[in-house]
Amino acid sequence: MIAVLKSGTTPEQTAHLINWLKHMNLDVHISEGQEFTVLGLIGDTSRVDMELLGSLEIVDTVKRISEPYKQASRNFHPDNTVITIGNAKIGGGHFSMIAGPCSVESQEQIIAVATSVKEAGADILRGGAFKPRTSPYAFQGMKEAGIKLLLEAKKATGLPIITEIMNIRTLDLFEDVDIIQVGARNMQNFDLLQELGKTKKPILLKRGLANTLQELLMSAEYIMSEGNENIILCERGIRTYETYTRNTLDLSAIPVLHEITHLPVVVDPSHATGKASLVPSMAVAAAAAGADGIMVEVHNNPACALCDGAQSLTPAQFADLNARVQRVREAIL
Ligand code: PEP
Ligand code: MN
């Protein structure tokens, strides 16, 4: 249930109301918009007298919301969330281009890719240090050493960095990481989500291979319910019966998510298609559909990449993609 307070309500009146609600064993989440304050009532609201609440002088409207996610819901938080990472912003009309290799492989590789994607206009550097691989015999990432190399690349280029966490035990290693990625396979690792909710780090939450958008938002809710509201959602393709592409990019997820949530939406056309030749068209399409950012895999030598070479762009291909995406952004403004 949400209660929208009238503009002009004083902090004392708000605090008084919250106190009253808390006495009914409800948790109250406050969202301060530009004009209105919205209170999200969390817990068993079945005994709340909606008429009584609605009749209070400071209450504008009371609504029961049917979605099981509350803090992630646009009903509850009408303004777009904007996530700021260094000089980059994502959401609410701000767009960020995230680029870099699937995995950090060596100092030479990550510095070379970081330098070239920066030159081509990337805002944020990606690179996996802990890799969730289908086979236990495949390259598992450079782990701690990989994070150290990403930090070197951050220092060398000034680009903020994003990298994936697989286990909360490694959280200390992410202290200087700017965005923590939760991969598709961990989207419903609820313990991990709750622990990340206790941090203040921006989290990029990828949609699971076979998850609905409601499930994606429930996972975001796990993080938000612990206090961390800095979440970026990522559509990276879902599994369908089509096998030509690695996954099927659900482009409609972008406008749907914008309707039902205030959280920014980034699209990853690399894992969605699995083929470098298809990545630019899908990046352009995602920008046209209103994505708040694009994340693409770029490698200085895709043929020799230790992971996901087939879907990795060369730096020159990335520069071309970025220029096209920026033109689309200007066209739809
Ligand atoms: C990745 O971004 O490197 C990755 C493993 O992606 P996903 O979790 O979407 O498969
Ligand atoms: Mn990858």
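Just so it is clear, none of the values below were taken in a lab; they were calculated from the coordinates. Quantities reported herein were computed from a predicted structural model and do not represent experimental measurements. Here Cβ is always computed from backbone atoms with ideal geometry, including for glycine, and neighbour counts include all displayed protein chains.
Report D for segment 2-63 in µm² per second (integer): Stokes-Einstein, Kirkwood Rh on Cα pairs, 20 °C, 1.002 mPa s.
185
Give me SER73, SER252 sorted ascending by neighbouring Cβ count inside 10 Å, so fewest comes first.
SER252, SER73
Quick check: net charge around LYS206, other residues with Cβ under 13 Å of its Cβ, Lys/Arg +1 and Asp/Glu -1?
-1
Distance cut-off 29 Å, Cα to Cα: go down the list LYS70/LYS200; LYS70/LYS148; LYS70/LYS155; LYS118/LYS201; LYS89/LYS131 and report the pairs above it. Mind dumping the intermediate values first?
Details: LYS70/LYS200 19 Å; LYS70/LYS148 37 Å; LYS70/LYS155 38 Å; LYS118/LYS201 23 Å; LYS89/LYS131 26 Å.
With Cα atoms farther than 29 Å apart: LYS70/LYS148; LYS70/LYS155.
Would you mind finding the longest exposed-site-free stretch of the chain, with exposed GluC sites (Glu not before Pro) meaning DSSP loop and at most 11 other Cβ atoms within 10 Å?
Looking at the chain, 58-174 is the longest stretch - no exposed GluC sites (Glu not before Pro) with at most 11 other Cβ atoms within 10 Å.
Of all alpha-carbon pairs in the chain, indicate the percentage at a distance above 31 angstrom.
34
Once all Cα-Cα distances of segment 1-152 are split into 5 Å bins that start at 0, what whole-number percent is in each one?
Each 5 Å bin holds this share of Cα pairs: 2, 8, 14, 13, 10, 8, 7, 9, 9, 9, 7, 4, 1, 0.
How much mean residue ellipticity at 222 nm does the chain get from its helices, if each DSSP H run of length 4 or more adds -39500 (n - 2.57) and you divide by all residues, to the nearest 500 deg cm²/dmol?
Here the helix-only value at 222 nm equals -9500 deg cm²/dmol.
When a footprinting reagent is the concern and you count Cβ atoms within 10 Å, what order do LYS6, LYS70, LYS206, LYS155 take, fewest first?
Going from least to most buried by this count: LYS155, LYS6, LYS70, LYS206.
Within 13 Å, Cβ to Cβ, of ASN230, how many net charges do the neighbouring residues add up to if Lys/Arg are +1 and Asp/Glu are -1?
+1
What does the charge add up to near LYS143, with Lys and Arg as +1, Asp and Glu as -1, over the other residues with Cβ less than 15 Å from its Cβ?
Within the 15 Å Cβ shell, the charges total 0.
Test of understanding: what is the full-extension gain from LYS143 to ASN80, defined as 0.36 nm times their sequence separation minus their Cα-Cα distance?
Numbers: separation 63, 0.36 × 63 = 22.68 nm, distance 3.44 nm.
Difference between extended and current length: 19.2 nm.
For SER106 and THR134, what is the calculated FRET efficiency with R₀ set at 25 Å and r taken between the beta-carbons, to the nearest 0.05?
Efficiency, rounded to the nearest 0.05: 0.60.
Which whole-number percent is the relative contact order of segment 134-179 (Cα, under 8 Å, 6+ apart)? The partial results should precede the final answer.
Values: 22 pairs, mean separation 16.3, N = 46.
Contact order relative to length: 35 percent.
Neighbouring Cβ atoms within 10 Å as the yardstick, rank VAL284, VAL104, VAL279 fewest first.
In order of increasing Cβ crowding within 10 Å: VAL284, VAL279, VAL104.
Can you tell me, using C-alpha contacts under 8 Å and at least 6 residues apart, the relative contact order of the chain as a whole percent?
Values: 686 pairs, mean separation 51.4, N = 333.
Normalised by residue count, the contact order of the chain is 15 percent.
Give me a comma-separated list of calculated 3J(HN,Hα) values for segment 294-302, in order, Karplus coefficients 6.51, -1.76, 1.60 applied at θ = phi - 60°, integers in Hz, x for any Gly or Pro.
Karplus values, whole Hz, x for Gly and Pro: 10, 10, 10, 8, 10, 9, 6, 8, x.
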